[in-house]
Amino acid sequence: MATSQMSRPRAPVAPHSRVTPKWLTGYTLAAPAILLMLVIFLYPLGHSFVMSFFRWDLNSAESPFLGLGNYTDLFTGTSFGQTLRNQVVFTVASLVIEVVGGMAIAVLLSSKLRGLRPARTLLLIPPMVAPAVVGLNFRWLFNEQYGLIDAVLVKLGLPAIPWLSDPGWALISVIIASAWQNTPLLVLLFLAGLQAIPREPLEAAAVDGASAWRTFWAIVLPLMRPVVVIAMMIRIIDLFRTFDVVWLMTQGGPGNASNLLTVEAYKLAFQSVDFGHAAAVSYVALVLSLLVLALLYGLPRLTGRGSAWQA
Amino acid sequence: MAGVTLEATRPAPVRTRRTGATVGLAARYVVLVLTVLLSIFPLVWLLITSLRTSDELFAVPVQLLPSSVTLDQYVTVFTEYEMADYVWNSVVVSLSTVALVTVLALPCAYVLARFRLPGVKVVITVLLIMRMIPVIALAIPLFSVFSGIGLLDTVLGLVLTHAASKLPVAIWLMMAFIQDLPKEIEESAEIDGAGVLRKLVFVVAPLIGPGIAASAVLTFLFTWNDLLLALTLTSSEAAQTLPVGLTNFVTQFGIDWGPMSAAGVLMVVPTLLFVWFAQGYLVKGLVAGAVRG
Amino acid sequence: MSSDLSRRRFLGGSMALAAGAAAAPLLAACGGGGGDENEINALLITGGDRYPAYWEKVTSAFTQQTGITVKYDLLQFTPLTSKEITLAAARSTQYDVYSTHTAQIGAFFPHFEPLNNHFDAADLADFFPVAIQYMTNPATGELAAIPRNMDARTQYYRRDRYEAAGLQPAKTWDELVAVGQQLTAGGEFGLVLPGQGDPAQRQFADFLWQAGGEWLDQNNNVTFNSAAGVEALTFYRDLIQQHRITPSDVVTYQWNENSAGFTNGTCAAVFDWPGAFASFSDPSLSTVSDAFATAPLPSHKTGTSCAISHGLAINKYSRNKDAAAQFLKYTVTPEALVDQYQEFKNYPSRMSTADQVIGQAQGMEQQWLSDLRTTIENGKEWPKVPGFDKVSTVVQTAVQNALSDQMSPQAALDAAAEESTRILQQAGALR
């Protein structure tokens, strides 16, 4: 628009001058999206990073600089260690259950089965349901007085399990709910990966009389490696961001028994109105997930197999 | 299933190739059926719960099937809770986010895929990292920034935030689809004298229709499902969405299970619709490496 | 400050740009507050289906009397609090009147208009002193909100089951255990308690005071981990874990689950609020509507329990404070308070009105009301010092840690005390 008026001295009036330079078109097209992300994403992120070094709450008029105060408070406080431990247990256990379970189911389903197509459609439902609904639904299923699961256990002559009131079981309950939602996603991803595996090595293995187990370990798994790494990355990113399911099932309780980093940050910010500490917690979460991802990203590269991101 | 009973009645299974294969096949069907049942049953239970009367909810022992089916809980969510507001806000927020994301992501993805400009690599790397940021790290500062400029508790504030947080995934997805297009098509359009924008809208966009659809469906569902952003950035029925409405059933007074189940069922409806009618796009989007944003 | 402002302006500008045409129509959805002298905006509390009708009645009667229109929005307790945090943080002028509560007012003192100029001292003397005390900013001595009701808990028990077992309602902690054990068998329990969140802190506070303990001392040093605090939390835990006279999962209960345990007939006693009297008596909400009676809460070394209030406050940034003050006064006239009692069994915040209501009631209801008056007179709320809202979340976690047997009561309280001391120190509350 304005460019036509700012006629440049070097460009004489010619039909070609109407054409804006390619770089300008490029940047103009990309600018709105990048601007929005900068403003809504990066600016607040920087803002909260800075504020994690200040006192920042509703009560005090000033926000004095605390240095690493908010961070040291976390690590010297009583409960944050437990929250970190929960996060590690939650992440590792979920990852193992979902990846191993997802792979096992995908391998078993990868042959030609009747009803596989509708089954795949149905498997798409849990990952797409709102985690908030999953959390509330499982809270109801796990209810010790009126819930279905304990009722079934008792009917079978087994002891009822204190799913949500016992500190040990609470974290397990949350892991179960999260695994219920996400394992089907991995099944679908792995099924897609398995279909892309070339048939020749598998047929060769069958001719050699290799057992299914050996074929899986020696041929299928190595070929599936990029898919598995991507799936793990997706899940790690999400596991470090998990909030809804925990918030609606246990609010991190009893005590801190099922508290995760995001839940802790939310509680600090909106129950204690303490944004400084909350920002510090969210940065711990961010750094930790980046660290884990860097490991995952670096490992395949170190072993010389190429990184998953290139897949 | 038939294979299982067959095997069970055989007195001494001789392990030939054939029976082994039958057992294997039977096992596969068992796994298939079990997986599907496990995946679906909790939602069926939610539906059953939402159709019970309030006093039967708290019956001990638990009744598997409701003695009578009632829509009372659905009536309650609309009469005693602001469910109509929540639904309306959710629809407006999700659709506006999809529109904004699509309009912004397509040109950006096109530039990243086709233009060799300085800075493009940096942007792509930053996009990747942005997908990893915990939403809470964004929500807390946005809360304070938005409260300063009056965007808190508004639909607009929520749409802008959702759009920004879904953009990285959408750009990434569309970029992958554009890269798969043969360049010749665009070049021939260029010869015809089409400008970049015309080319993008009339040539590229139709060709990557499935990619745009996949990105739109995912953006819609992840916006529709989001709790954390809406929970932090809204505080009244002016902008609260369905998931936040859901948490309003969990107050310090406890949980109103009946209406909550009804609201939960209502929340799942779009999910089911998309899974049914747009599963191809959903799978494409997910497999192309989409990450919840 | 100025850099902050310009940053905001920059952000606002770029945001408007980025919003672009796609989102522009949505902008119309968010409007601003007006400054009409004959109109005030109020953010009021709701909960239950009768509240909206009550506010409609109060505001329209007020408009008729004064010519001032009241526009209002209703929110439940939790969203109400977060909305007010939002608005206070933004120094919003949108609402002139806020609904508030003794439990959360501590965070809002700097944002509420002092009411001492709007109410005369003689009138304030008619309110229960405990309510006025906890609506007052301890730092300035200024009243920040006017109490609309009194909330204190009563022991509700199953008359039929107690009579059948030849039992009297417990008057002491020891009797509470003994009675509870006799009534616990075969899926039925002697007692139900809340064990999560703010309700757990309420329950712990009652036991703490009854054991002779206090939250803080004169200088605001933490004392809730004293011997009395440990005794209180140990007793609370043992009711659940050792005597097992409550359902095993009360550690997940808040008020609704607590009340439901009584109304569905599984638990023989519950400590509940005045409003519960109405819902327990209602056959459509309760299976025990004609089978319950009330008694004062059991006591230990003292008979103290909480006495708390909902109240109304004026936004410090309001442009229409006089009209807002008129509305506040109107909602706490004796007539309005009597009306509130009849509507919700909300206990009046004025002593004279309480006496009037007691005089008009009969039988069990009269006994209940006069017992409550004693409870309220002896009642307390937790301290209103800067930072105590953070202390509350720390304590809630500690209580749950002890109730679920993850930590001993001593260890849980000591850890919470250490963290609370740091919080109070940082907030400048320690003297």
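The values are calculated or read from the model by the stated rules, or taken from the named source; none is laboratory data. Bear in mind the structure is a predicted one, so any value in this text is a computation, not a measurement. Note that we place each Cβ from the backbone using ideal geometry, even for glycine, and neighbour counts take in every protein chain shown.
Here C:GLN133 meets the list (1) away from every other protein chain (no Cβ under 11 Å); (2) more than 16 Å from the chain's Cα centre (by Cα); (3) not hydrophobic (A, V, I, L, M, F, W, C) almost entirely, failing just condition (2).
Of all the listed residues (C:GLU418, C:GLU377), the sole one being surrounded by fewer than 21 Cβ atoms within 10 Å (Cβ to Cβ), more than 18 Å from A:ASP57 (Cβ to Cβ), at the interface with another protein chain (Cβ under 8 Å from one of its Cβ atoms) and among the acidic types (Asp, Glu) is C:GLU418. In segment B:237-255, the residues that are part of a helix (DSSP H, G or I) form Cβ pairs under 8 Å with partners that are at pLDDT below 85 and not β-branched (Val, Ile, Thr), at six or more places apart or across chains, as follows: B:GLY245/B:TYR81; B:GLY245/B:GLU82. Selection over segment A:33-42 of residues that are surrounded by fewer than 20 Cβ atoms within 10 Å (Cβ to Cβ) and either modelled with pLDDT under 85 or facing chain B (nearest Cβ under 7 Å) (or both) gives a count of 1. From the list C:ASP355, C:ASP339, C:ASP322, the lone residue that is out of contact with any His (no Cβ under 9 Å at 6 or more places or on another chain), at pLDDT below 95 and of a type outside the set (Phe, Trp, Tyr) is C:ASP339. For A:ALA192, the criteria (1) at the interface with chain B (Cβ under 7 Å from one of its Cβ atoms); (2) within 23 Å of C:GLY187 (Cβ to Cβ); (3) small (Gly, Ala, Ser) hold in every case but one, which is (2). Exactly one residue among A:VAL245, A:VAL281 is crowded, with 24+ Cβ neighbours inside 10 Å, at pLDDT 90 or above, in contact with a Gly (Cβ under 7 Å, 6 or more places away or on another chain) and assigned to a helix (DSSP H, G or I), and that residue is A:VAL245. Among the residues of segment C:257-270, those that are surrounded by fewer than 22 Cβ atoms within 10 Å (Cβ to Cβ) and touching a Ser or Thr at 6+ places or on another chain (Cβ under 8 Å) comprise C:ASN264, C:GLY265. For segment A:147-176, taking the residues that are among the small types (Gly, Ala, Ser) and surrounded by fewer than 24 Cβ atoms within 10 Å (Cβ to Cβ), the one that is nearest to the other protein chains (Cβ to nearest Cβ) is identified as A:ALA151. Selection over segment A:64-110 of residues that are surrounded by fewer than 20 Cβ atoms within 10 Å (Cβ to Cβ), among the β-branched types (Val, Ile, Thr) and touching a residue at least 12 places away in the same chain (Cβ under 8 Å) gives a count of 3. Close Cβ contacts (under 6 Å, 6 or more residues apart or on different chains) running from residues in segment B:138-153 that are away from chain A (no Cβ under 11 Å) to residues that are of a type outside the set (Ser, Thr, Tyr) and crowded, with 24+ Cβ neighbours inside 10 Å comprise B:LEU152/B:PHE146; B:ASP153/B:ALA239. Looking at A:LEU122, A:LEU136, A:LEU185, just one residue is of a type outside the set (S, T, N, Q), surrounded by fewer than 22 Cβ atoms within 10 Å (Cβ to Cβ) and over 22 Å from C:LEU403 (Cα atoms), and that residue is A:LEU122. Looking across segment C:201-255, the residues that are under 15 Å from C:CYS306 (Cβ atoms), among the hydrophobic types (A, V, I, L, M, F, W, C) and modelled with pLDDT of 95 or more come down to C:PHE204, C:ALA205, C:PHE207, C:LEU208, C:TRP209, C:ALA211, C:TRP215, C:PHE224, C:ALA232.
The residues of segment B:192-213 that are at pLDDT below 85 and either at positive phi or more than 14 Å from chain A (Cβ to nearest Cβ) (or both), listed by number, are B:ASP192, B:GLY193.
Restricting attention to segment B:214-236 and to residues that are within 13 Å of chain C (Cβ to nearest Cβ) and part of a loop (DSSP other than H, G, I, E, B), the residue that is surrounded by the fewest Cβ atoms within 10 Å (Cβ to Cβ) turns out to be B:SER236. The helices (runs of 4 or more DSSP H) found entirely in segment A:51-146 that carry 1 or more residues being within 7 Å of chain B (Cβ to nearest Cβ) are A:80-109, A:116-123, A:125-128, A:131-141. Screening segment B:125-137 for residues that are assigned to a helix (DSSP H, G or I) and either without any contact (Cβ under 8 Å) to a residue 40 or more places away in the chain or among the basic types (Lys, Arg) (or both) and picking the one that is farthest from A:MET232 (Cα to Cα) gives B:ALA137.
For segment C:400-415, filtered to residues that are assigned to a helix (DSSP H, G or I) and free of Cβ contacts under 8 Å to residues at least 60 places away in the same chain, the residue that is surrounded by the most Cβ atoms within 10 Å (Cβ to Cβ) is C:ASN401. Of the residues making up segment B:48-104, those that are of a type in the set (Phe, Trp, Tyr) and either in contact with a Pro (Cβ under 9 Å, 6 or more places away or on another chain) or within 14 Å of chain A (Cβ to nearest Cβ) (or both) are B:PHE58, B:TYR74, B:TYR81, B:TYR86. Has segment B:148-164 got at least one residue that is of a type outside the set (A, V, I, L, M, F, W, C), surrounded by fewer than 24 Cβ atoms within 10 Å (Cβ to Cβ) and modelled with pLDDT under 90? Checking segment B:148-164: at least one residue is of a type outside the set (A, V, I, L, M, F, W, C), surrounded by fewer than 24 Cβ atoms within 10 Å (Cβ to Cβ) and modelled with pLDDT under 90. All told, A:MET51 falls short of being in contact with a helix residue (DSSP H, G or I) (Cβ under 7 Å, 6 or more places away or on another chain) and modelled with pLDDT of 85 or more. Can you confirm whether segment C:80-98 contains a residue that is over 28 Å from C:PRO110 (Cβ atoms), modelled with pLDDT of 80 or more, within 11 Å of chain B (Cβ to nearest Cβ) and part of a helix (DSSP H, G or I)? No, because not a single residue in segment C:80-98 is over 28 Å from C:PRO110 (Cβ atoms), modelled with pLDDT of 80 or more, within 11 Å of chain B (Cβ to nearest Cβ) and part of a helix (DSSP H, G or I).
When you check C:GLU335 against the structure, is it on the phi < 0 side of the Ramachandran plot, free of Cβ contacts under 8 Å to residues at least 60 places away in the same chain and either more than 10 Å from chain A (Cβ to nearest Cβ) or of a type outside the set (Val, Ile, Thr) (or both), yes or no?
It is true that C:GLU335 is on the phi < 0 side of the Ramachandran plot, free of Cβ contacts under 8 Å to residues at least 60 places away in the same chain and either more than 10 Å from chain A (Cβ to nearest Cβ) or of a type outside the set (Val, Ile, Thr) (or both).
Of all residues being within 14 Å of chain A (Cβ to nearest Cβ) and among the acidic types (Asp, Glu) in segment C:380-406, which is farthest from C:THR223 (Cα to Cα)? Just the residue, please. So, considering only residues that are within 14 Å of chain A (Cβ to nearest Cβ) and among the acidic types (Asp, Glu), the one farthest from C:THR223 (Cα to Cα) is C:ASP405. Can you spot a residue in segment B:135-145 that is within 24 Å of A:LEU293 (Cβ to Cβ) and under 19 Å from the mean Cα position of the chain (by Cα)? Yes, because at least one residue in segment B:135-145 is within 24 Å of A:LEU293 (Cβ to Cβ) and under 19 Å from the mean Cα position of the chain (by Cα). For segment C:258-301, enumerate the residues that are under 25 Å from C:ILE376 (Cβ atoms), more than 14 Å from chain B (Cβ to nearest Cβ) and either in contact with a Gly (Cβ under 6 Å, 6 or more places away or on another chain) or among the aromatic types (Phe, Trp, Tyr) (or both). Once the filter is applied, which keeps residues that are under 25 Å from C:ILE376 (Cβ atoms), more than 14 Å from chain B (Cβ to nearest Cβ) and either in contact with a Gly (Cβ under 6 Å, 6 or more places away or on another chain) or among the aromatic types (Phe, Trp, Tyr) (or both), segment C:258-301 yields C:PHE271, C:PHE277, C:PHE280, C:PHE292, C:LYS301.
Results for (1) surrounded by fewer than 19 Cβ atoms within 10 Å (Cβ to Cβ); (2) of a type in the set (D, E, K, R), shown as yes or no for each residue.
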position: C:PRO129; (1), (2): yes, no
position: C:ARG148; (1), (2): no, yes
position: C:THR154; (1), (2): no, no
position: C:ALA170; (1), (2): no, no
position: C:ALA185; (1), (2): yes, no
position: C:GLY197; (1), (2): no, no
position: C:ALA205; (1), (2): no, no
